[in-house]
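Let me begin by presenting the structure, written as structure tokens, before commenting on it.
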Amino acid sequence: MGTHKHRLILALKTTHQVIGGERKLLQEGITVEVIPKPQTIHGECGVVLSVPWEEGREALGLLVDLGVSITNLYLDDGEKLQEVERQAVINPGDEKDKSLGAEK
């Protein structure tokens, strides 16, 4: 069994936005990967951004400031994807966010 860390998957509207978002996040020192869109995610764009969960809040803020269209956010725990609300990323300690826990 591997030591997968939780990751935030950001589905954006277009491939152009994914590439621009990746460039911005890298410039700001965020660890980011462009990966093929998992089959369980619906959308037109064939790629998504993946960042460590711990960097998700900062990444989300930078992408919003950049003006990209974020269609969905997902928690990847290494076994399954779970759609999450923006608020769960912005304020991970909220009571609404029990499903994410404080696991590492």
#### Entry: Approximate spin-label separation Thr40-Arg23, in nm, with each point projected 7 Å along Cα-to-Cβ
3.2 nm
### Message
Once you order the gyration tensor axes a ≥ b ≥ c over the Cα atoms, which shape class does region 1-91 get: rounded for a/c under 1.5, otherwise prolate or oblate by comparing a/b with b/c?
### Response
rounded
### Query
Put +1 on the Cβ of each Lys and Arg and -1 on the Cβ of each Asp and Glu in region 7-92; which of His16, Gln87, Leu75 then has its Cα farthest toward the positive end of the dipole?
His16
### Magnitude of the charge dipole, region 1-68, Cβ model with Lys/Arg +1 and Asp/Glu -1, debye to 20
160 debye
### Task
Can you tell me how much longer the chain between Lys13 and Gln82 gets when fully stretched, taken as 0.36 nm per residue apart minus their C-alpha distance, in nm with one decimal?
23.0 nm
### Query
Put a dot 7 Å past each Cα toward the Cβ at Ser69 and Glu33; how far apart are the dots in nm?
2.7 nm
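A short reminder: the numbers here are calculations on the coordinates, not readings from a lab. What you are looking at is a predicted structure, and each value in this text was computed from that prediction instead of being measured. Note that each Cβ is placed from the backbone with ideal geometry, even for glycine, and that neighbours are counted across all protein chains shown.
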